[in-house]
Amino acid sequence: MPAIHLPRLRRQTVELAEKFSQPEIFVQELKDLLEFYGDRTRRTDKVGALTPILEIYKVPDPVLRRIRLEIEPYVHADPENAFVLADALWEEPVFELRFLAIRLLGDIPSSEHKGLLKRLQNWGEENQEDILLESMATHSLARLRVDDSEMMIQQIEKWLKSKKLNFHKLGLRALLALLTEAEYENLPVVYRLLGLLLPTASKELRPYLRDLVRPLARLSPAETAFFLRESLTTRDDPIVPWLIRHTLESFPSDIQTNLKAALKG
């Protein structure tokens with residue numbers, strides 16, 4: 001892997017961005033660029049805490065950021081071709097290409113939400129990389145989350161009502177991002193959506209539910225504790241006690257005592 005020489009990288013990414021409306025050429029030149037900067041000796045390493053299933057070049061983050069920076073103006077100016085390019089990128093079973101496809105969706109104006117949600121539906125169903133699913137929930141939906149939170153809620157509800165685990169994960173992560181990044185304040189809606197999923201939630205969803213309950217406990221400890229206590233008394237399954245035990249530290253001490261008593265009861 002060569003050292004990153006910024007003027008050279010900028011020239012390379014500018015030339016790549018010029019192929020924006022030529023997806024086949026763009027994808028091939030992007031692969032060449034990733035090969036140039038990739039670290040072949042580390043392709044079996046983990047990405048963050050997760051081991052990728054897809055082929056991965058292990059390209060430094062500054063390279064990917066520079067690529068996104070150069071194509072962003074093209075995406076804003078031509079959403080139609082942006083979708084075409086995103087589709088071409090996703091078709092490649094390469095981690096970085098699919099990651100860029102997801103990030104590209106996040107740069108498309110929220111007025112094009114139909115095309116955005118259609119792709120997230122298709123990609124989310126077939127995706128096998130949790131780290132890419134997380135990026136769909138946070139980065140791809142960034143504009144829609146701010147511009148139309150009610151549409152976001154409607155889509156999240158559809159995902160949570162699905163019978164597919166991938167959509168449950170996507171919905172919970174999208175709800176977490178809405179709560180923490182867009183500062184969504186209609187907490188009764190959040191509790192309602194959580195209540196939809198709890199009766200059928202699988203063990204695989206426990207970390208996703210925990211990560212959502214923790215900020216809820218900090219934002220509104222009394223309401224969140226009430227929701228958990230009610231869930232504890234109306235559902236005969238182990239997930240609610242598990243949730244309480246693994247989110248206790250997020251509550252004030254007096255509410256912690258109350259929840260511990262509820263568990264014993």
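Scan (1) surrounded by 20 or more Cβ atoms within 10 Å (Cβ to Cβ); (2) over 28 Å from I255 (Cβ atoms); (3) under 13 Å from the mean Cα position of the chain (by Cα); (4) not basic (K, R) for the single condition L175 breaks and write down its number.
Every listed condition holds for L175 apart from (2).
Out of everything in the range 218-235 that is surrounded by fewer than 17 Cβ atoms within 10 Å (Cβ to Cβ) and within 12 Å of G195 (Cα to Cα), what residue ends up being modelled with the lowest pLDDT?
R235
Take the conditions out of contact with any helix residue (DSSP H, G or I) (no Cβ under 6 Å at 6 or more places or on another chain), among the β-branched types (V, I, T) and assigned to a helix (DSSP H, G or I) and apply them to T247. Does it pass?
Criteria not met by T247.
Determine which single condition A137 fails, assuming it passes every other condition in (1) surrounded by 22 or more Cβ atoms within 10 Å (Cβ to Cβ); (2) under 23 Å from L259 (Cα atoms); (3) of a type in the set (A, V, I, L, M).
Every condition holds for A137 apart from (2).
On the given criteria, is L175 touching a residue at least 12 places away in the same chain (Cβ under 8 Å), part of a helix (DSSP H, G or I) and not assigned by TED's automatic domain parsing to the domain that holds A262?
yes
Answer with yes or no whether P238 is over 26 Å from R119 (Cβ atoms) and either at pLDDT 95 or above or surrounded by fewer than 17 Cβ atoms within 10 Å (Cβ to Cβ) (or both).
Criteria met by P238.
Hey, does the range 200-217 have a residue that's among the basic types (K, R), at pLDDT 95 or above and more than 19 Å from the chain's Cα centre (by Cα)?
no
If you scan the range 112-143, which residues turn out to be more than 25 Å from P207 (Cα to Cα) and either without any contact (Cβ under 8 Å) to a residue 24 or more places away in the chain or touching a Cys at 6+ places or on another chain (Cβ under 9 Å) (or both)?
K114, K118
The values are calculated or read from the model by the stated rules, or taken from the named source; none is laboratory data. Since we're looking at a predicted model, the values are computed, not measured. Neighbour counts are summed over all protein chains in view; Cβ atoms, including those assigned to glycine, are modelled from backbone coordinates with ideal geometry.
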